[in-house]
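Trainee: Encoded as structure tokens, here's the structure I'll be asking about.
The values are calculated or read from the model by the stated rules, or taken from the named source; none is laboratory data. Note that the coordinates shown come from a computational prediction; the quantities given were computed from them, not determined experimentally. Note: ideal-geometry Cβ built from the backbone for every residue, glycine included; neighbour counts use all protein chains shown. These area figures cover heavy atoms from the full protein model, side chains too; ligands, DNA and RNA do not enter into them. Shrake-Rupley method; radii C 1.70, N 1.55, O 1.52, S 1.80 Å.
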Amino acid sequence: MKATLNRIAAVTAIEIRLSVRNRWVALSTLILVLFALALAFLGSGPAGASKVGALTLTAASLATLSVYLIPLIALLLSYETIAGEVERSTLPLVLATPVRRFEVLTGKFVGHLSVLTLAIVVGYSIAALAVVAVHGADLHGALAWARLIATGVLLGAVFVAIGILVSASTARVGTAAALLVGIWLVLIVLYDLALLAGLIVDDGGFFTKSLFPALVIANPGDAFRLYNLAALEGSAPVAGIDGLARSLPFPPSLALAALAAWLAAMIAAGLWRFQKVRP
Amino acid sequence: MSDPSLLDVTGLSVAFGSLKALHRVSLAVRPGERFALLGHNGAGKSTLFRTVLGFVSPASGKVEVAGAAPGSDKARRTVSYLPESVAFPKALTGAELLAYFARLKGQTPKSAMPLLETVGIADAANRRVGTYSKGMRQRLGLAQALIGRPELLLLDEPTSGLDPISRGDFYAILDRLAGEGTAVVLSSHSLTEVEARTDRIAILSRGRLVAEGSLAELARAAALPVTVRVKAAAEDAGALHARIGGRRLNGRSVELDCAAGDKMAVLSRIAALGDVVADIDIDTPRLDDVYRHFSGHSAGGEA
Ligand SMILES: Nc1ncnc2c1ncn2[C@@H]1O[C@H](COP(=O)(O)OP(=O)(O)OP(=O)(O)O)[C@@H](O)[C@H]1O
Ligand SMILES: [Mg+2]
């Protein structure tokens, strides 16, 4: 047990070190800070007219943006992690030592997630403090940010696990990169477009009432956004698919359960794929 | 009775689809032995290593590492491996990488650091691997393999890219380890290189073990002829040829082949010719000839 933890810690430490050296830590934090600040001060952000605090409003729009950014950063951090080691022939070296495959995978997962968590926490906290400095703070808004950060990490965890699965599924970094772009496009962009198209065609029929809510929370990005918007309890304006946040046929916590289920499934799939990798 | 071998390979066959990468290979390596694996490109050397590590499953036959199955905990604690063409992450330093592998092997990073000294890259310990020369990276790979005093070292073409001095250093380290009881299995393309530095040599050709033994045994088994070149005193190879046979080379010389055992008899016959002979050259088969013979790439002759 102790040996297992030591080896996992060794893998985690080396992955974090690599991310620091390769400037991934600085870069992902910077991206999140910049986008969050831009959203807070440049966008359709707090107009000051509504009763809702500026903090809450930026949290709402940031929830939408996070769906694009966090998965992308998570995938970028992790897609190379195993395919790269296969290509460089370091995987045989690692797997010739007493380390178990699940320990390698766990260590990598924790390492990448730590980097992402750091970026989210630091990046969004800086943005939140900036909003507070300009517009003042309120408890409701602070809670919204805390929720955003916590569920953002969960969303990130799902996509780090997906990235690792992708990486374990191919022996080529190039293929992994192509898969990464494809997965991001399908899960984050095309899925929503397809749902919207379905809503328009169906025009309030069976699809809209029964299938649609389930399909929305079946997607990790949508589940994340839905949970955050629903938790704001009608205090922020919503549009498009997110209208569902007002009329959820189930408790918002189910969206969290969906995210957790995604995480478990992706980790299990990653472990299974990695067992089959021939170093 | 317990088996004294650290590595036991019995009737091992490995296939990749229809390609037979290894075919009924058997060999055993004992503690303290330096064992060289030779063979042409694609002969199956790396495949043999990878099978011993448990990365590749045999189609038939058996591999045992210290009596345990490849890839088992016991086997992994026994072996250390240096793959061919390993590329460490460029952004990390030598010391960081060594510490990492030490932790994976259940050793403290501190205990591994002296190995950088052993392989002669202590000066570069805190430099990024991206700045290392090929030889330095190879040395780092060796340092990594030495962590935790493994009982069995598997080194796949460890000296490729090393200059002659570094090669010497490298084999000196192996000699010392073998003296302390470590079994060393290494692959190479050059018989000349491993001749004086290993105890036993095995030659793989197209997945089959075609020869195994000490260098002297291999040379004997190859039974390559000794070539004697005789130069006539007067420019009269014809007369010489008439008396000793063989092949006429040019106007002055005659060349003949004889079995290694007959060498002395042939020489004394030539010596008895007295003044007719101006000079004698003897070509004993070189290591590369022995290697070629077994690799099935003989330079000519039987075809
Ligand atoms: N994963 C694999 N899939 C399919 N074929 C393989 C695989 N690995 C090796 N082979 C084949 O098995 C044969 C033996 O390869 P191997 O790498 O063991 O040769 P080698 O003796 O190490 O050669 P070299 O001196 O070039 O390193 C080759 O024909 C190679 O193409
Ligand atoms: Mg090879």
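Trainee: Heavy-atom accessible area of B:E235 with all protein chains present, probe 1.4 Å, nearest 10 Å²?
Mentor: 150
Trainee: How many Å² of accessible surface get buried when B and A come together, counting both sides, probe radius 1.4 Å, rounded to the nearest 100? Walk me through the numbers on the way to the answer.
Mentor: Values: alone 15280 and 12900 Å², together 25640 Å².
By this definition, chains B and A bury close to 2500 Å².
Trainee: Taking all pairs of distinct Cα atoms, average 1/r, flip it, and tell me the Kirkwood hydrodynamic radius of the protein assembly as shown in Å to one decimal place.
Mentor: 28.6
Trainee: Per residue of A:202-210, what is the mean number of Cβ atoms on other protein chains within 10 angstrom of that residue's Cβ?
Mentor: Details: counts 0, 0, 0, 0, 0, 0, 0, 0, 0.
Other-chain Cβ atoms within 10 Å of each residue's Cβ, averaged: 0.
Trainee: Two decimals is fine: what is log10 I(q)/I(0) at q = 0.17, 0.23 Å⁻¹ for region A:108-157, from a Debye sum with one equal scatterer on every Cα and no solvent?
Mentor: -0.53, -0.81
Trainee: Please list B:255-267, A:255-267 highest first by mean number of surrounding beta-carbon atoms within 10 Å per residue.
Mentor: The densest-packed peptide leads the list: A:255-267, B:255-267.
Trainee: Ok, one more. For B:D283, tell me the accessible area in Å² from a 1.4 Å probe, rounded to the nearest 10.
Mentor: Accessible area of B:D283: about 80 Å².
Trainee: Turning to a different aspect of this structure: If you take each beta carbon of peptide B:98-104 and count the beta carbons of other chains within 10 angstrom, what is the mean?
Mentor: Details: counts 0, 3, 7, 8, 2, 9, 15.
Whole-number average of other-chain Cβ neighbours for B:98-104 is 6.
Trainee: Continuing with this model, one more query. May I ask you to give the solvent-accessible area per residue for region B:1-137, in square angstrom, as obtained with a 1.4 angstrom probe?
Mentor: Here the per-residue accessible area is 44 Å².
Trainee: Follow-up. Using a Gaussian network model of chain B with C-alpha springs under 10 Å, which one of B:A239, B:A69, B:A91 is most mobile by mean-square fluctuation?
Mentor: With Cα springs under 10 Å in chain B, the top fluctuation among B:A239, B:A69, B:A91 is at B:A239.
Trainee: Keeping all protein chains in place and using 1.4 angstrom, which order do A:H135, B:H293, A:H112, B:H40 fall into by accessible surface area, from largest down?
Mentor: Output order, biggest surface exposure first: A:H135, B:H293, B:H40, A:H112.
Trainee: If you don't mind, there's one more thing I want to ask. Leaving ligands, DNA and RNA out of it, rank B:R292, A:R225 by accessible area with a 1.4 Å probe, largest first.
Mentor: Details: B:R292 100, A:R225 10 Å².
My answer, sorted largest first, is B:R292, A:R225.
Trainee: Then there is this: Leaving out ligands and nucleic acids, and using a 1.4 Å probe, what accessible area per residue does region A:94-237 come to in Å²?
Mentor: Normalised by residue count, the accessible surface of region A:94-237 is 38 Å².
Trainee: Averaged per residue, what accessible area in Å² does region B:225-284 show with a 1.4 Å probe, protein chains only?
Mentor: Values: 3430 Å² over 60 residues.
For region B:225-284, the per-residue accessible area is 57 Å².
Trainee: What average number of partner chain Cβ atoms lie no more than 10 Å from the Cβ of the residues making up A:78-91?
Mentor: If you average over the peptide's residues, the count of other-chain Cβ atoms is 2.
Trainee: Using just the Cα positions, wrap region A:95-249 in a convex hull and report its mean projected area in square nanometres, one decimal place.
Mentor: Across all orientations, region A:95-249 yields a mean hull projection of 12.2 nm².
Trainee: Could you tell me which residue out of B:L37, B:V119, B:G11 lies farthest along the dipole of region B:7-220 toward its positive end? Charges go on the beta carbon: Lys and Arg +1, Asp and Glu -1, centred on the Cα centre.
Mentor: Going by the Cα projections, it comes out as B:G11.
Trainee: Based only on the alpha carbon positions, what is the Kirkwood hydrodynamic radius of region A:63-141, in angstrom?
Mentor: About 15.3 Å, per the Kirkwood formula over Cα pairs.
Trainee: Of B:K20/B:K134; B:K20/B:K105; A:K276/B:K20; A:K2/B:K62, which pairs sit farther than 30 Å apart, going by alpha carbon to alpha carbon?
Mentor: B:K20/B:K134; B:K20/B:K105; A:K2/B:K62
Trainee: Jot down the radius of gyration and Dmax of region B:225-284, Cα atoms only, both in angstrom.
Mentor: According to the Cα coordinates of region B:225-284, Rg and Dmax are 10.4, 30 Å.
Trainee: From the alpha carbon gyration tensor of region B:1-48, can you work out the equivalent ellipsoid semi-axes (sqrt of 5 times each eigenvalue) and give them in Å, largest to smallest?
Mentor: Result for region B:1-48: semi-axes of 24, 14, 6 Å.
Trainee: To the nearest 20 Debye, how big is the dipole of the protein assembly as shown about its Cα centre, given +1 on the beta carbon of each Lys and Arg and -1 on that of each Asp and Glu?
Mentor: I would put it at about 660 debye.
Trainee: Another question about this same structure. How much length, in nm to one decimal, is gained on full extension between A:A142 and A:S210, taken as 0.36 nm per residue of separation minus their Cα-Cα distance?
Mentor: Full-extension gain reported as 21.1 nm.
Trainee: Would you mind putting A:159-166, B:115-122, B:201-208 in packing order, based on average other-beta-carbon counts within 10 Å, highest first?
Mentor: Going from most to least packed, we get A:159-166, B:201-208, B:115-122.
Trainee: Hey, another quick one. Beyond 27 Å, what share of the Cα-Cα pairs of region A:1-159 remains, rounded to the nearest whole percent?
Mentor: 34
Trainee: Order of B:9-21, B:95-107 by packing, highest average Cβ count within 10 Å first? Intermediate results must be reported in sequence, preceding the final value.
Mentor: Numbers: B:9-21: 15.7, B:95-107: 21.5.
By packing density, highest mean first, the sequence is B:95-107, B:9-21.
Trainee: Helix-only mean residue ellipticity at 222 nm, chain B, DSSP H runs n ≥ 4 weighted -39,500 (n - 2.57), per residue, nearest 500. What is it? Could the numbers behind the result be given before it?
Mentor: Working: 12 runs with 101 residues, N = 303.
It lands at -9000 deg cm²/dmol.
Trainee: On average, how much area does the Cα convex hull of region A:2-275 cover when viewed from any direction, in nm²?
Mentor: Across all orientations, region A:2-275 yields a mean hull projection of 15.5 nm².
Trainee: For region B:7-220, take the alpha-carbon Rg, divide it by the Kirkwood Rh, and send me Rg/Rh.
Mentor: Computed over Cα atoms, the ratio is 0.96.
Trainee: Summarise the accessible area of the protein assembly as shown (1.4 Å probe, protein heavy atoms) by the percent that is carbon and sulfur.
Mentor: The nonpolar share, carbon plus sulfur, comes to 60 percent.
Trainee: Which lysines, on any chain, are close to B:K263 with Cα under 19 Å apart, when same-chain ones fewer than 8 places away are left out?
Mentor: Those lysines meeting the cut-off are B:K231.
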